[in-house]
Amino acid sequence: MKAKAADIEAFVRKLDPKFRAVVVYGPNEGLVRERADRIAGQIVEDLKDPFNVTNLTAADLKEEPSRIADEAAAISMMGGRRVVRIDGAGDAVSEPLKLFLDDPKGDGLAVITAGDLSPRSALRKAAEAAKNAVAIPCYADDARSLSALIQQTLRPHGLDVDGDAASYLMDRLGNDRAVIRGELEKLATYKEGDGNRTVTLADAQACVGDSGALTLDEVAGAVSGGNLAALDRALSRAYAQGEAPVAVLRAVGRRLMRLYEAAGHMADGMSARDAMQRLRPPVFFKEQDSFRAELERWGPSRLSKALSLLMEAEADCKSTGMPDEAVCARACMRIARAARQRG
């Protein structure tokens, strides 16, 4: 079956025993690893246990397509259920998976990870079509899930996060769960011995690196500023660094939303300077001149249309099967061209 967004956390927390295989996939590699490990951890406490965890590769399955079924049916020397792990899988694993799911023996669980699988992917289709398997997508964190992750990571350290710091972190932490958790743990260590148990904007700025956000900021700035040459360079660099097109679109969206909020204040009679001061987190001092110039170029109506275009592009990336990098680039270029106009 295909996991609905509302059900994913329940699957990750406690998987129904009827499922004999899980395919965890998506462009968010850190989240893929995290969810796959949590699901496997429901079955086997130590994921490095050689008796209860078998790691297979696509090459193994090419030689012996029945290996998933054989390993899942094997009886553990130490007792308990077994996990069959296949990481970095592609469509070549679809037939061995079907072979296992058609007549599963034993009680082992196959946990398979993959990159961004299109709706036409044979591996994704195999998991979604089977009643005893589930496909779990892992896309870029949205504002709600990233905010929850920040709270969940810092709360055990006795830390709260103020609004400006939370906004800064959501803009700067990137999209890889492993990197995000590492940056937040570094922030928690930074706050040890600090009598103030609230993470402030100054704390976040002093401690947390860009984690790839600088490139996304460059893309977003080039789009909103109408700089087509800079956009082409920044997009190429973002893709080369492994940034997902959806993450790029959302970075552009965050930039446009800040412009939209400030433009709304200006429509109510505020100056550009006062409107920028109302934003949280505040506009970085090195970006204030360019941000003010963009405010003079964009109006609320055109920003609203640009945001709608971004939403359509993200939906196309997830559902149409078209090359998502091309969809993202086309949307960014259209908005950048619109940014060259005024009003």
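Things worth noting here:
- Principal axis dimensions, the stretch 96-150 - Cα atoms, whole angstrom, descending: 42, 27, 17
- DSSP-assigned coil residues among GluC sites (Glu not before Pro) in the stretch 1-49, each with at most 16 further Cβ atoms within 10 Å: E45
- Dipole axis of the stretch 125-193 (+1 Lys, Arg; -1 Asp, Glu on Cβ), positive-most option in A126, L159, T189: A126
- Rough spin-label spacing in nm, given labels placed 7 Å along Cα→Cβ, for E287 and E325: 2.5 nm
- Largest GNM mean-square fluctuation across T113, T54, T189, computed for the chain with C-alpha springs under 10 Å, falls on T189.
- For the stretch 141-164 and the stretch 272-308, distance of Cα centres in Å: 26 Å
- The modelled label-to-label distance between K105 and V179, using points 7 Å beyond Cα along the C-beta direction, is 4.5 nm.
- Cα-centre dipole for the chain with unit charges at Cβ (Lys and Arg positive, Asp and Glu negative), debye to 20: 880 debye
- The stretch 76-110 versus the stretch 4-32: alpha-carbon centroid distance in Å: 15 Å
- Distant alpha-carbon pairs in the stretch 1-76 (separation over 21 angstrom), percent: 34 percent
- Label selected from [x] 1.14; [y] 1.00; [z] 1.29, the criterion being Cα Rg over 2.2 N^0.38 Å as computed here: [x]
- Label-point gap, in nm, between A267 and A229 - each point 7 angstrom along Cα→Cβ: 3.5 nm
- Highest-MSF residue in the chain out of E243, E63, E71 [GNM, Cα springs under 10 Å]: E63
- Computed on the stretch 215-343, with alpha-carbon pairs under 8 angstrom and 6+ residues apart, the relative contact order is 36 percent.
- Most mobile listed residue (A143, A220, A127) in the chain, GNM with C-alpha springs under 10 Å: A143
- Shape category assigned to the stretch 186-343 from the gyration tensor of Cα positions, a/c cut at 1.5: oblate
Quick note: the coordinates plus some simple rules give every number you see, no bench work behind them. Every value quoted in this text rests on a predicted model; they were computed, and no experiment measured them. Backbone-built Cβ (ideal geometry, glycine too); neighbour counts: all protein chains shown.
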